[in-house]
Amino acid sequence: MNIATIDPKRRALGKGLDSLLPSVHAPAAASVAEGEGGKPREIPLDQIDPNPFQTRSRVNEEQLAELAASITANGVVQPVLVRPLASGRFQLIAGERRWRASQLAGKAAIPAILRQVSDEQAMEITIVENLQRSDLNPMEQARAFERLSRDFHMTQEQMAVRTGKDRASVANFLRLLRLPSTVQVRVESGDLSFGHARTLIAFEHAEEMEKAAQHVIRFSLSVRQTETYVQGLLHPERNKKEPKSEPPIDPNVREVQERLQRALGLKVNIEDRNGRGKVIIEYAKLEDFDTLLERLAGE
């Protein structure tokens, strides 16, 4: 494979994992020793246990089948990352989709790189590796950031640096955890996007979020329409047009206004400001205008 064709994001991901995982020789208890320089070795799939720290809760079966077909044709291009266990087995750290797709493809073994890491390091690597990918749904990302904050006491700035995201995005994902569980399920299923979810947390109470979410889904509102809808509920007074208060009319001006209306047979409005103003005469059809013109011209 030509290095020049490798996705830059993938190179950045590998670099990020290397910074978390300095190369360490596997213990002698492991049935497969790590090659020099961390080179991958073929490890039987049935000797690898799943990752207990996995943050991804949903897997796209169609995409998994496509990856399995690719592995059948071309093999596994990027090795998975595992750590040796005292029992002689191995535990997956990174590369769950490749591991599962290889099983689906009927492979007996998979190329893997061994690292000796603690439970805490394995958990951190798993979370960071997942967050650097784009296939996590918004709620999975929110829970992953929450685990980094809770279990590793990372600040939002530290999480942003470690995962390559900006701090505002980290904060927005964490805020999604305010959503009630019923709405979170809708976000996980794809019925509501990240933009929809972020808009709904403007409400203070869970009941309001649930009701608004049902409305958004029922009418298939876009994010922009959802923003308008939510703001309308939060600030209903903005949608009410306050009646314009009519300025008080001087009795003398009112009397002249009525006299002109009787004389012309048309609606007349006099706007007076301290002796200065204008007279507005309204007409509904051309004949009324001709009559008005004749009267004003004295014809």
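Just a few scattered comments:
- In the stretch 147-165, the residue that is surrounded by the fewest Cβ atoms within 10 Å (Cβ to Cβ) out of those that are touching a helix residue (DSSP H, G or I) at 6+ places or on another chain (Cβ under 6 Å) and farther than 15 Å from E120 by Cα is E157.
- Complete set of residues in the stretch 53-110 that are of a type in the set (K, R), over 31 Å from the mean Cα position of the chain (by Cα) and surrounded by fewer than 20 Cβ atoms within 10 Å (Cβ to Cβ): R89, K107
For (1) part of a loop (DSSP other than H, G, I, E, B); (2) in contact (Cβ under 8 Å) with a residue 24 or more places away in the chain; (3) within 17 Å of E140 (Cα to Cα); (4) not hydrophobic (A, V, I, L, M, F, W, C), each residue gets a yes or a no:
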position: T55; (1), (2), (3), (4): yes, yes, yes, yes
position: E62; (1), (2), (3), (4): no, no, no, yes
position: A65; (1), (2), (3), (4): no, yes, no, no
position: A68; (1), (2), (3), (4): no, yes, no, no
position: V77; (1), (2), (3), (4): yes, yes, no, no
position: V82; (1), (2), (3), (4): no, yes, no, no
position: S87; (1), (2), (3), (4): yes, no, no, yes
position: I93; (1), (2), (3), (4): no, yes, no, no
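- Set G190, G195: member being within 19 Å of the chain's Cα centre (by Cα) and at positive phi: G190
- Elements of type helices (runs of 4 or more DSSP H) contained in the stretch 111-170, each with 3 or more residues being farther than 30 Å from N74 by Cβ, under 16 Å from the mean Cα position of the chain (by Cα) and not β-branched (V, I, T): 138-152
Let's see how each residue does on (1) closer than 21 Å to L104 by Cβ; (2) modelled with pLDDT under 90:
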| residue | (1), (2) |
| --- | --- |
| P22 | no, yes |
| G37 | no, yes |
| R58 | yes, yes |
| E61 | yes, yes |
| L64 | yes, yes |
| T72 | yes, no |
| P84 | no, no |
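- Within the stretch 179-226, the residues that satisfy the criterion of being surrounded by 15 or more Cβ atoms within 10 Å (Cβ to Cβ), among the β-branched types (V, I, T) and assigned to a helix (DSSP H, G or I) are V183, V187, T199, V216, V223, T226.
The values are calculated or read from the model by the stated rules, or taken from the named source; none is laboratory data. As the structure is a prediction and not an experimental result, all values here were calculated from the model. Glycine also receives a Cβ, built like all others from the backbone with ideal geometry; neighbour counts cover every protein chain displayed.
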